[in-house]
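A.B. asks: If you scroll down you'll find the structure; I have some questions about it.
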Amino acid sequence: MKRIHLILVSALAGLGLASCVSILDQEPLDSFTDEAVWSDLSLSEAYLNKVYNTVRGQLSTNTLWDNFSEEIYHKHGYGTNNTTHCLMSPDAAYICYYEDNYNLWGNYYSYINTINNFLVKIDEVPGDETERNWQKGQALFLRGWYYSLLYTLYGRVVLVDTPYALDSQFTARRAEMDDVADFICKDLDAAAAILPTVYPDPSDLGRATKGAALALKSRVLLLKASPLFGTPSKEKWQAASDAAKAVMDLNVYHLELIAPEGTLMTSPEDRDQYIEKYAALFYNTSSPESIWMKVYNTNYSDAWSDTNSTPMGQCHRAPCGPGNGFEGWGTFDPTQNLVNKIQNYDGTPQKPYSDNTKNPWENLELRYWANIIGDGALWGYGDDKRQVETYIAGEESVTPGLDSSQGEYWWNASNTGYAVRKSYSPDFDYYGTTQWDAPWMFIRLAEIYLNYAECQYQLGNNSEALKYVNIIRHRALLPDATGDVWEAIEYEREVEMMFEGTRWTDMRRWKRMDEEYADPVIGCEVKKFADGHKEYNLNVFIDQREWKGDKYYWVPLSRSEYNKSPEYLDMQPYE
């Protein structure tokens, strides 16, 4: 495929695609009629590229889905308390503030409408059949993507597979839960049948592939089999298991090892040489386990990647002091609740913390060090690399740390004492001498392994489930899981997938949000004293979230959307 720079005007303005850019070195071409777009595969690809640009990686937004779980506290709020305190209603039908998140239903359906318009036209576009099929397959995948988000958040949604005009009167009703999943899977099966496993042109990195379609199907069927989305059954778990296995059977993806196979850590000192190797898995665009990612790079500008908001994403994630993301806003604050769950480097659980003068993180497994920045961690670009200082003064003669609530950058200090490191490259220079192009991995092989493990557990095949759990643990240099199989699966889903947006969805689909919000959100406070020693308080109160009942498992339909077609839509369970 060939990248081209195009935004359509005139006849396509109603679809929200407006501007003017040159194309194919022909001038002047500042607008294209609807007829022209569907007469050339290069133009139809440009139309498709604009759909890709609507897909948001969470690192380019001001909020993460993990802000709604125990994993992260949002320092600045940004409306996340609408979800974490169960304040949603038809008149406040948002999960947080930020563009798409403010009117999820309306925005996602507008994107689906654009895709539907593409799908009714693409078969008539002249040109190479393989290229046309690849474009069609991508569109089917993208429609499946947006419907999977609607399904995840709303459950029962309206199924629309033809374009509609701005003044169309909806007469379709919300479909039943299983029918929504089946509709999505039908699109994904059709996409997988015509998409390549790998594109021959490296510049097509980030486009949907056969593996991406099958992997998204695995995710959707896992939802379908889970308690929130209906009645679990052996048949549903088997279908979800088969979908995950189909991805593995492609033999296209593999976990990238960070040490020779069989390597286990025997001391904290062993860990240091592997931390950066593990961390690099999440800012590497050529990762062999990435199934579908959002690419952030100027090479892809105006095609299917969004580069404008990446500094914002870095700034929100960054520690507040000098280094990468100078004066970052400290927005995404990992919680002590999460840190308390992380096992030691030998695979044993943490013991209750009793000696407040002992470094509480010394013996933790490498995924803590690779994914989280806390007091004493090394961070920064080039000459600015230094130890992060979140400590406050334990007595008057002590100068507070640069990154603390008493330090030079106090207004952006993390409320919990931690910052997110995952997907954040140490080679990025915030001042602009290097390009930051860390991708957002929407789906990767580790998730598929864990999907498969959960399905096998539900089917009673514990040994098969543990096999895939342990593959992931071994990559993190941990020994085999012992004890309860379900606990091992849940541990890996939380720790391996931390900050990737899965925890909130998992706890919702398992119908365990009452448990997720039961305990207060806590953080860590570090005090430094004149003699150099530090004391750690791992039980600093941050917030008490609230769970007010099962209806809050679902995002409500906004009253404005309901009023467009009240005869056919419903706001259940908010009525």
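The values are calculated or read from the model by the stated rules, or taken from the named source; none is laboratory data. Source: prediction; values computed, not measured. Here the Cβ positions follow ideal geometry from the backbone for every residue, glycine too, while neighbour counts run over all protein chains shown. Ligands, DNA and RNA are excluded from the accessible area calculation, which covers all protein heavy atoms including side chains. Shrake-Rupley method; radii C 1.70, N 1.55, O 1.52, S 1.80 Å.
A.B. asks: Could you tell me which numbered condition GLU487 fails, if it satisfies all but one of (1) farther than 25 Å from LYS234 by Cα; (2) surrounded by fewer than 18 Cβ atoms within 10 Å (Cβ to Cβ)?
C.D. replies: (1)
A.B. asks: Then there is this: When you go through SER404, SER414, SER423, SER397 one by one, which is the residue that is in contact with a strand residue (DSSP E or B) (Cβ under 8 Å, 6 or more places away or on another chain) and either farther than 20 Å from LEU64 by Cα or among the basic types (Lys, Arg) (or both)?
C.D. replies: Exactly one residue qualifies, and that residue is SER404.
One line per residue, one yes/no per condition, for (1) crowded, with 20+ Cβ neighbours inside 10 Å; (2) modelled with pLDDT of 95 or more:
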site: ILE342; (1), (2): yes, yes
site: GLY347; (1), (2): no, yes
site: LYS351; (1), (2): no, no
site: THR357; (1), (2): no, yes
site: ARG367; (1), (2): yes, yes
site: ILE373; (1), (2): yes, no
site: LYS385; (1), (2): no, no
site: GLU389; (1), (2): yes, no
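A.B. asks: Now for a different question. Please go through the stretch 272-293 and give me each residue that is surrounded by 15 or more Cβ atoms within 10 Å (Cβ to Cβ), at pLDDT below 90 and not hydroxyl-bearing (Ser, Thr, Tyr), ordered by number.
C.D. replies: Within the stretch 272-293, ASN284 is the sole residue that qualifies.
A.B. asks: Let me ask you something else. Against the condition part of a strand (DSSP E or B), in contact (Cβ under 8 Å) with a residue 60 or more places away in the chain, touching a Cys at 6+ places or on another chain (Cβ under 7 Å) and among the hydroxyl-bearing types (Ser, Thr, Tyr), how does TYR552 come out, does it pass?
C.D. replies: Judged against the criteria, TYR552 is not a match.
A.B. asks: Taking the stretch 501-521, which residues are open to solvent by 20 Å² or more (accessible area, probe 1.4 Å) and closer than 30 Å to TRP410 by Cβ?
C.D. replies: ASP519, PRO520
A.B. asks: Separate question: Being touching a Ser or Thr at 6+ places or on another chain (Cβ under 8 Å), surrounded by fewer than 16 Cβ atoms within 10 Å (Cβ to Cβ) and charged (D, E, K, R), is that true of even one residue in the stretch 86-94?
C.D. replies: Yes, because at least one residue in the stretch 86-94 is touching a Ser or Thr at 6+ places or on another chain (Cβ under 8 Å), surrounded by fewer than 16 Cβ atoms within 10 Å (Cβ to Cβ) and charged (D, E, K, R).
A.B. asks: When the residues of the stretch 184-222 are filtered to those that are without any contact (Cβ under 8 Å) to a residue 24 or more places away in the chain and in a helix (DSSP H, G or I), which remaining residue is most open to solvent (accessible area, probe 1.4 Å)?
C.D. replies: Ranking the qualifying residues of the stretch 184-222, first place goes to LYS186.
A.B. asks: Still on this structure: Looking at this structure, is ALA518 touching a Leu at 6+ places or on another chain (Cβ under 7 Å) and either farther than 30 Å from SER89 by Cα or not charged (D, E, K, R) (or both)?
C.D. replies: Values: touching a Leu at 6+ places or on another chain (Cβ under 7 Å): no; either farther than 30 Å from SER89 by Cα or not charged (D, E, K, R) (or both): yes.
When the stated conditions are applied, ALA518 does not pass them.
A.B. asks: Are there any pairs with C-beta distances below 9 angstrom linking a residue in the stretch 346-363 that is under 26 Å from GLY262 (Cα atoms) to a residue that is of a type in the set (Val, Ile, Thr) and assigned to a loop (DSSP other than H, G, I, E, B), with the two at least 6 apart or on different chains, and if so which?
C.D. replies: ASP346/THR266; GLY347/THR482; GLN350/ILE342; TRP361/ILE342; ASN363/THR348
A.B. asks: Can you tell me which condition THR80 does not meet? The list is (1) without any contact (Cβ under 8 Å) to a residue 60 or more places away in the chain; (2) β-branched (Val, Ile, Thr); (3) farther than 30 Å from PHE68 by Cβ, and all the others hold.
C.D. replies: Looking at each condition in turn, THR80 falls short on (3).
Per-residue answers, yes or no, for (1) out of contact with any Ser or Thr (no Cβ under 9 Å at 6 or more places or on another chain); (2) at pLDDT 95 or above; (3) of a type outside the set (D, E, K, R):
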site: VAL157; (1), (2), (3): yes, yes, yes
site: THR171; (1), (2), (3): no, no, yes
site: ASP189; (1), (2), (3): yes, yes, no
site: LEU195; (1), (2), (3): no, yes, yes
site: LEU214; (1), (2), (3): yes, yes, yes
site: ALA240; (1), (2), (3): no, yes, yes
site: ALA243; (1), (2), (3): no, yes, yes
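A.B. asks: Check whether at least one residue in the stretch 404-420 is within 28 Å of the chain's Cα centre (by Cα) and surrounded by fewer than 17 Cβ atoms within 10 Å (Cβ to Cβ), and report yes or no.
C.D. replies: Yes, the stretch 404-420 has at least one match.
A.B. asks: If you check ILE443 against the conditions, is it touching a strand residue (DSSP E or B) at 6+ places or on another chain (Cβ under 6 Å), open to solvent by less than 10 Å² (accessible area, probe 1.4 Å) and not in a loop (DSSP other than H, G, I, E, B)?
C.D. replies: yes
A.B. asks: In addition: In the stretch 114-149, what residues are of a type in the set (D, E, K, R) and in a helix (DSSP H, G or I)? Give the steps one after another, and end with the answer.
C.D. replies: Within the stretch 114-149, the first condition is being of a type in the set (D, E, K, R), and the residues that meet it are 121, 123-124, 128-129, 131-132, 136, 143.
The answer is LYS121, ASP123, GLU124, GLU129, GLU131, ARG132, LYS136, ARG143.
The rows are residues; the columns are (1) part of a helix (DSSP H, G or I); (2) open to solvent by 20 Å² or more (accessible area, probe 1.4 Å); (3) farther than 28 Å from TRP411 by Cα.
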{"position": "ASN62", "(1), (2), (3)": "no, yes, no"}
{"position": "ASP66", "(1), (2), (3)": "yes, no, no"}
{"position": "GLU70", "(1), (2), (3)": "no, yes, no"}
{"position": "HIS76", "(1), (2), (3)": "no, yes, no"}
{"position": "THR83", "(1), (2), (3)": "yes, no, no"}
{"position": "CYS96", "(1), (2), (3)": "no, no, no"}
{"position": "ASN107", "(1), (2), (3)": "yes, yes, yes"}
{"position": "SER110", "(1), (2), (3)": "yes, yes, yes"}
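A.B. asks: Could you please let me know if ALA530 is open to solvent by 30 Å² or more (accessible area, probe 1.4 Å), under 27 Å from the mean Cα position of the chain (by Cα) and either within 20 Å of CYS86 (Cα to Cα) or at pLDDT 95 or above (or both)?
C.D. replies: no
A.B. asks: Further question on the same structure: Based on what the data block shows, is GLU492 open to solvent by less than 20 Å² (accessible area, probe 1.4 Å), in contact (Cβ under 8 Å) with a residue 60 or more places away in the chain, of a type in the set (Asp, Glu) and under 23 Å from TRP237 (Cα atoms)?
C.D. replies: Here the answer is no, as GLU492 does not meet what is asked.
A.B. asks: If we scan the stretch 64-76, do we find a residue that is basic (Lys, Arg) and either closer than 21 Å to ALA208 by Cα or modelled with pLDDT of 95 or more (or both)? Spell out how you get there, then give the answer.
C.D. replies: Our first condition is that a residue be basic (Lys, Arg); within the stretch 64-76, this holds for 75.
With either closer than 21 Å to ALA208 by Cα or modelled with pLDDT of 95 or more (or both) added as a condition, the list becomes none.
Looking for residues that are basic (Lys, Arg) and either closer than 21 Å to ALA208 by Cα or modelled with pLDDT of 95 or more (or both), one finds none in the stretch 64-76, hence no.
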